[in-house]
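Written out below as structure tokens is the structure these notes cover.
The values are calculated or read from the model by the stated rules, or taken from the named source; none is laboratory data. Model, not experiment: these values are computed from the prediction. Cβ placement follows ideal geometry from the backbone for every residue including glycine, while neighbour counts extend to all protein chains displayed. Remember, those area values only see protein heavy atoms, side chains included, never the ligands or the DNA or RNA. Shrake-Rupley method; radii C 1.70, N 1.55, O 1.52, S 1.80 Å.
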Amino acid sequence: MANFREYAYAIFRRLCHPLPVNPRKVVFCSYYGRGYSDSPKAIAEALLSSGEKRKLQWLVKTPEDAKELPQGVEPVPYNSFRRIFALSTAKVWVDNCRKDWRGKKKSQYYLQTWHGFALKRIEKDAESALEPAYVQSCKNDSAQCDLIVSGSDFMTKLYQNAFWYDGEVAAFGTPRNDVFFQNTDAVKQKVFAALGLEPTRRLLLYAPTFRVDHSTDAYKLDVENVLAACEKRFGGCWTALIRLHPNVAEQSKGLFAYDETRVLDATRYPDMQELLLAADLLITDYSSSMFDYALSGKPCLQFATDVEAYKTDRNFYFPIDSLPFPLADSNAALCREILAFDEEVYRKRWAAFYKEQGFCEDGQAAKRCADWILQKMAE
């Protein structure tokens, strides 16, 4: 059945290719249809607030994903003929992941935002660890890109050297990170209301990334003792939010003892950036979320019990212990790091890393992307 469906899609793509491009249409996608989130969301909202009336469509995998879409953004099922029609007739595509799609027309434009500052080696730098089919889809994707946007000198060089890409890279900043430069009160209230939390609670967000074998063995956070350390060091009553990577989202059920006030499963909350905004402290291992979260000025710590094993997957661009975030390899060490957390040292280390890697975040990235799109649509 799957082969028949792919065959039918291929025929439909050919039928749609001669169709005219709608000069007012933009099609967005985030994480292969997983919902309204990340940098494409920020760009869509910049277009909505620009006052320019455009037809905005969003690729979604499920009806649940479509519920977060605001007025003015139309859902299109990801696994459908409608997706093919939408992409075939849009003036601009916006995505944060690779598109295994061939046949972009000369009159169409493709804006790629990617999805985070890289710690783990990616794309060409990790080619030996990637499936050949994925590598080929990357090359197809890069051949169609018209612009990749970057939030740092480091990522600009990475896009130029490791993405099989020889087109333009623009230092616009990272659209999804614009939220850290805006008033965050409304977002915090939204998160607390969605999770049923009292507004006086302080939030610890635990957001580890996935392992290549999809194991959760490394997610052994001693939540109660870590929360106790947070309360002793920072004061207040704390709640832990557990947020697993989408690749292992289904395994969040039963992983921790969840309750209404101390530990909540936030894996299915649609927008990670909103959780980062609401959190008072982030604990992760190798996730790019740490580089986003550091823009808030709030404490971030690394809890990584399998560094040597993780290196055998793709290894890192930076020595893990050279990052500006305190690193712990056990729960006992993590609690010690929390209790000994020095805000001034943390701030200086992040400032030095920010300068060294040439970050260029200023809260205007989404607007720059929206302006680029409007310019292309006017041509």
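Pick from 244, 227, 221: which is open to solvent by less than 60 Å² (accessible area, probe 1.4 Å), outside any helix (DSSP H, G or I), more than 27 Å from residue 181 (Cα to Cα) and of a type outside the set (D, E, K, R)? If you could, list the steps in order and put the result at the bottom.
Values: 244 fails: more than 27 Å from residue 181 (Cα to Cα); 227 fails: outside any helix (DSSP H, G or I).
Testing whether each residue is open to solvent by less than 60 Å² (accessible area, probe 1.4 Å), outside any helix (DSSP H, G or I), more than 27 Å from residue 181 (Cα to Cα) and of a type outside the set (D, E, K, R) leaves just 221.
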Open item on the list: All but one of (1) without any contact (Cβ under 8 Å) to a residue 12 or more places away in the chain; (2) surrounded by 17 or more Cβ atoms within 10 Å (Cβ to Cβ) hold for residue 309; state the number of the condition that does not hold.
Closed with: (2)
Task: Selection within region 142-169 - part of a loop (DSSP other than H, G, I, E, B), surrounded by fewer than 18 Cβ atoms within 10 Å (Cβ to Cβ) and in contact with a strand residue (DSSP E or B) (Cβ under 9 Å, 6 or more places away or on another chain) - done: 146, 167
Open item on the list: Quick check on region 188-213: of everything there that is part of a strand (DSSP E or B) and of a type outside the set (Phe, Trp, Tyr), which residue is most open to solvent (accessible area, probe 1.4 Å)?
Closed with: 202
- [ ] For residue 232, state whether it is surrounded by fewer than 16 Cβ atoms within 10 Å (Cβ to Cβ), at pLDDT 90 or above and part of a loop (DSSP other than H, G, I, E, B).
- [x] no
Task: The one condition in (1) open to solvent by less than 50 Å² (accessible area, probe 1.4 Å); (2) of a type in the set (Val, Ile, Thr); (3) over 30 Å from residue 359 (Cβ atoms); (4) in contact with a strand residue (DSSP E or B) (Cβ under 9 Å, 6 or more places away or on another chain) that residue 216 fails to fulfil - done: (4)
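Checking the structure you have, find out if any residue of region 127-137 is within 29 Å of residue 19 (Cα to Cα), open to solvent by less than 30 Å² (accessible area, probe 1.4 Å) and among the β-branched types (Val, Ile, Thr).
Within region 127-137, the first condition is being within 29 Å of residue 19 (Cα to Cα), and the residues that meet it are 133-134, 136-137.
Subsequent filtering for residues that are open to solvent by less than 30 Å² (accessible area, probe 1.4 Å) retains 137.
Still in the running and among the β-branched types (Val, Ile, Thr): none.
So far as region 127-137 goes, no, none of its residues is within 29 Å of residue 19 (Cα to Cα), open to solvent by less than 30 Å² (accessible area, probe 1.4 Å) and among the β-branched types (Val, Ile, Thr).
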Open item on the list: Show the residue pairs meeting these rules: Cβ distance below 6 Å; 6+ apart or different chains; first residue within region 280-302 and more than 12 Å from residue 323 (Cβ to Cβ); second residue open to solvent by 10 Å² or more (accessible area, probe 1.4 Å) and assigned to a helix (DSSP H, G or I).
Closed with: 295/180; 296/180
- [ ] Select from region 320-379 the residues that are assigned to a loop (DSSP other than H, G, I, E, B) and more than 24 Å from the chain's Cα centre (by Cα) and write down the one among them that is modelled with the lowest pLDDT.
- [x] 379
- [ ] Working only within region 49-74, note down all residues that are touching a strand residue (DSSP E or B) at 6+ places or on another chain (Cβ under 7 Å), open to solvent by 20 Å² or more (accessible area, probe 1.4 Å) and not basic (Lys, Arg).
- [x] 66, 69, 72, 74
